Amino acid sequence: MPPERLQKLIARAGIASRRAAEQLILDGEVTVNGRVVRELGSKADPASDHVKVRGKLLLFTTPPVYVMLNKPAGYVTTMKDPQGRPTVVDLLRGIRGRVFPVGRLDFDTEGLLLFTNDGALARELMHPSRRVPKVYAAKVTGKLTDEEIAKLEAGGMVLETGRTAPCRVRRLRESGQNSWVEVTLHEGKKRQVRLMLERLGHPVSKLMRTQYAGLALGELPLGTSRLLSTAEVQRLKAAAQGQSTAPPAPGAAPARRPRARTAAPVPGRRVREKAVRR
């Protein structure tokens, strides 16, 4: 095999994300053939070199794992929380090997969150240039006017997290004094959907991500996870290359999927399992 950058090898081995791997290198936690390496441009041959992270030898034969989770509100998207809050990792059960979240969902946001040990694919999916579509369903106060939808779709709204890019918005249904809207983004600014709608006077009371990179959450119960099918993994890889990732047309036969895995409940916390009706 040709030599590869150490941070890429560490990510591919499922030890850490590429960014976290760079910090491990800078901290002197990585050795190649017994020698500490601190230069980020350093390379190693996975077929002949012995790469260790904190004394643990990297194994590059770990098969890739791809997981979909229907995240409930009240969980942080991190591997470990210093404040002791429940993390999305607490919801994963029966998954072999260590996997990492692809991107994040806010503490109060529900819905589709992907995990994998394929660091290269995760990095490509999260790169802004790939314009990976993310679809959210939001319950808001009031009803959006045509002018407000046009303003959201045009982009250019200045938020705390920066200026927004164009997006797509459509009405889903009305419910008394509230309504549901669907927002499709190709960027991932923190709390973006909430901030955009609040700016127009429509606070969000519930937010869930229903699609990511062409994959649909479907009927996966809240708080459970499942492995992706081969077809779904191929769809992710196409999205990572900036290719079309439209979900299957309504009425199309669904791909065969492994059984969902239910997480052990966190004490004192109830997980709702009723999905939003379209």
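The values are calculated or read from the model by the stated rules, or taken from the named source; none is laboratory data. This structure is a prediction, so every number in the text was calculated from the model and none was measured. Glycine gets a Cβ as well: all are built from the backbone with ideal geometry, and neighbour counts include every protein chain shown.
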Q | Qualifying residues in region 17-43 (those that are among the charged types (D, E, K, R) and part of a strand (DSSP E or B)) - the one surrounded by the fewest Cβ atoms within 10 Å (Cβ to Cβ) | A | ARG35
Q | Candidate set from region 182-203 (those that are over 16 Å from GLY156 (Cα atoms) and more than 21 Å from the chain's Cα centre (by Cα)); member that is surrounded by the fewest Cβ atoms within 10 Å (Cβ to Cβ) | A | GLY201
Q) If only one of LEU112, LEU159, LEU152 is closer than 19 Å to VAL193 by Cα, free of Cβ contacts under 8 Å to residues at least 60 places away in the same chain and buried (at least 20 other Cβ atoms within 10 Å of the Cβ), which one is it? A) LEU152
Q: Filter region 55-78 down to residues that are exposed (fewer than 12 other Cβ atoms within 10 Å of the Cβ) and over 17 Å from ARG18 (Cα atoms) and give me whichever is nearest to the chain's Cα centre (by Cα).
A: PRO63
Q. Within region 6-16, is even one residue modelled with pLDDT under 85, surrounded by 11 or more Cβ atoms within 10 Å (Cβ to Cβ) and not in a loop (DSSP other than H, G, I, E, B)?
A. yes
Q) So which residues in region 168-185 are of a type in the set (Ser, Thr, Tyr), within 14 Å of TYR136 (Cα to Cα) and out of contact with any Leu (no Cβ under 9 Å at 6 or more places or on another chain), if there are any at all? A) THR184
(Q) If I go through region 33-73 residue by residue, how many of them are of a type in the set (A, V, I, L, M, F, W, C) and touching a helix residue (DSSP H, G or I) at 6+ places or on another chain (Cβ under 7 Å)? (A) 8
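Scan region 153-196 for residues that are farther than 22 Å from GLY103 by Cβ and not small (Gly, Ala, Ser) and jot them down.
Going through region 153-196, the residues farther than 22 Å from GLY103 by Cβ turn out to be 153-154, 156, 158, 170-180.
Once the filter is applied, which keeps residues that are farther than 22 Å from GLY103 by Cβ and not small (Gly, Ala, Ser), region 153-196 yields GLU153, VAL158, ARG170, ARG171, LEU172, ARG173, GLU174, GLN177, ASN178, TRP180.
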Q | Residue that is modelled with the lowest pLDDT [pool: residues in region 116-136 that are surrounded by fewer than 23 Cβ atoms within 10 Å (Cβ to Cβ) and hydrophobic (A, V, I, L, M, F, W, C)] | A | ALA120
Q) Taking GLU219, is it farther than 19 Å from PRO72 by Cα and of a type in the set (D, E, K, R)? A) no
Q: Considering only region 154-169, state which residues are within 23 Å of the chain's Cα centre (by Cα) and either assigned by TED's automatic domain parsing to the domain that holds ASP108 or not in a loop (DSSP other than H, G, I, E, B) (or both).
A: LEU159, GLY162, ARG163, ARG168, VAL169
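Answer yes or no: is there a residue in region 44-54 that is exposed (fewer than 15 other Cβ atoms within 10 Å of the Cβ) and within 30 Å of TYR136 (Cβ to Cβ). Before the answer, list the steps.
Keep residues of region 44-54 that are exposed (fewer than 15 other Cβ atoms within 10 Å of the Cβ), which gives 45, 47-48, 50, 54.
Restricting the remaining residues to those that are within 30 Å of TYR136 (Cβ to Cβ) gives none.
Looking through region 44-54, none of the residues is exposed (fewer than 15 other Cβ atoms within 10 Å of the Cβ) and within 30 Å of TYR136 (Cβ to Cβ).
Hey, could you check region 162-181 for residues that are farther than 22 Å from GLY214 by Cα and basic (Lys, Arg) and say which is surrounded by the most Cβ atoms within 10 Å (Cβ to Cβ)? Walk me through it before giving the result.
Filtering region 162-181 for residues farther than 22 Å from GLY214 by Cα gives 162-163, 173-179.
Next, from what is left, pick out any that are basic (Lys, Arg): 163, 173.
Details: ARG163: 10, ARG173: 12.
So, considering only residues that are farther than 22 Å from GLY214 by Cα and basic (Lys, Arg), the one surrounded by the most Cβ atoms within 10 Å (Cβ to Cβ) is ARG173.
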Q. Which of the residues belonging to region 32-47 are of a type in the set (Ser, Thr, Tyr) and under 15 Å from ALA13 (Cα atoms)?
A. none
